[in-house]
1. Given the condition loosely packed, with under 14 Cβ neighbours inside 10 Å, over 21 Å from Glu147 (Cβ atoms) and at pLDDT below 80, answer yes or no: does some residue in segment 45-60 qualify?
2. Please indicate, with yes or no, whether at least one residue in segment 127-134 is among the β-branched types (Val, Ile, Thr), farther than 18 Å from Asp79 by Cα, modelled with pLDDT under 80 and touching a helix residue (DSSP H, G or I) at 6+ places or on another chain (Cβ under 9 Å).
3. May I ask you to verify whether Val41 is in contact with a strand residue (DSSP E or B) (Cβ under 6 Å, 6 or more places away or on another chain), crowded, with 18+ Cβ neighbours inside 10 Å and modelled with pLDDT under 90?
4. Which numbered condition in (1) closer than 19 Å to Arg80 by Cβ; (2) in contact with a helix residue (DSSP H, G or I) (Cβ under 6 Å, 6 or more places away or on another chain) is the only one that Ala203 fails?
5. Inside segment 80-93, can you point out the residues that are of a type outside the set (S, T, N, Q) and in a helix (DSSP H, G or I)?
6. For segment 202-212, which residues satisfy the criterion of being surrounded by 13 or more Cβ atoms within 10 Å (Cβ to Cβ) and either part of a loop (DSSP other than H, G, I, E, B) or over 20 Å from the mean Cα position of the chain (by Cα) (or both)?
7. Which members of segment 66-79 meet the condition of being of a type outside the set (S, T, N, Q), in a helix (DSSP H, G or I) and surrounded by 19 or more Cβ atoms within 10 Å (Cβ to Cβ)?
8. Checking Gly178 against (1) within 19 Å of the chain's Cα centre (by Cα); (2) exposed (fewer than 13 other Cβ atoms within 10 Å of the Cβ); (3) closer than 21 Å to Asp105 by Cβ, which test does it fail?
Amino acid sequence: MKIRSVAIRTIASKVFAVALAALVLLPGVAAAQEESASKVVLENSQRILSALESRRAEFKADHGKLEAFVSHEFNATFDRDYAARQVLGRHARGASADDVKLFADALADSLMRRYGSSLLDFNTQLKVRIKSESVLPRGLGVKVSSELLRKGGEPIPVDYFMRKSGDNWKVFDVMVEGVSFVQTFRRQFDSELAHKSIKQVAAELAAGKVAVDAGG
């Protein structure tokens, strides 16, 4: 069991590129009303995996292009402010929209710095299989359960938690191998936020004094 636990922790850390890729893979364009979230996940997953493979040499030669690509897809896909409120949890109560945005931007930028280049080593020969789509309680959105299928390895379960923002499906949490984006960073920042303001923690993130850690 100990070996299994170490293996899962290794996957959770090393494969955070999968979580980042999952955020990038989600839809950044308006979805037609009749399209399900799972259909959009599948189509965009295939599109981004293809782009990463075809442009790998270009991205390796110019990391600026990789950063621009990841940033564009991430920003179009990720509901930064809503996800940040989930990460902040109890600390978000009474917080100003400006402070939440500061934290949201600092967290996203820190993720890009820490894990963005790992997409160069990401296995783009994966196949995506949608398992199910279910409605979340209290009208929060939907959960799309999927698997990343890889040759010679166990499937990697990836769950996407999505909500409609206008006509777009956007993500506010991703769970890889049972490790939640929101829960991971809520645990990481809870103690910091217990004795510092959101603005202070955001400033430390932006300055690189605090780094995101998905090793969990």
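The values are calculated or read from the model by the stated rules, or taken from the named source; none is laboratory data. On a predicted model such as this, the values are computed, not experimentally measured, just so you know. We place every Cβ from the backbone using ideal geometry, glycine too, and count neighbours over all the protein chains shown.
1. No.
2. The answer is no, given that none of the residues of segment 127-134 is among the β-branched types (Val, Ile, Thr), farther than 18 Å from Asp79 by Cα, modelled with pLDDT under 80 and touching a helix residue (DSSP H, G or I) at 6+ places or on another chain (Cβ under 9 Å).
3. yes
4. Going through the list (1) closer than 19 Å to Arg80 by Cβ; (2) in contact with a helix residue (DSSP H, G or I) (Cβ under 6 Å, 6 or more places away or on another chain), Ala203 breaks only (2).
5. Selection gives Arg80, Asp81, Tyr82, Ala83, Ala84, Arg85, Val87, Leu88, Gly89, Arg90, His91, Ala92.
6. Ala203, Glu204, Val210, Val212
7. Selection gives Leu66, Phe69, Val70, Glu73, Phe74.
8. Every condition holds for Gly178 apart from (3).
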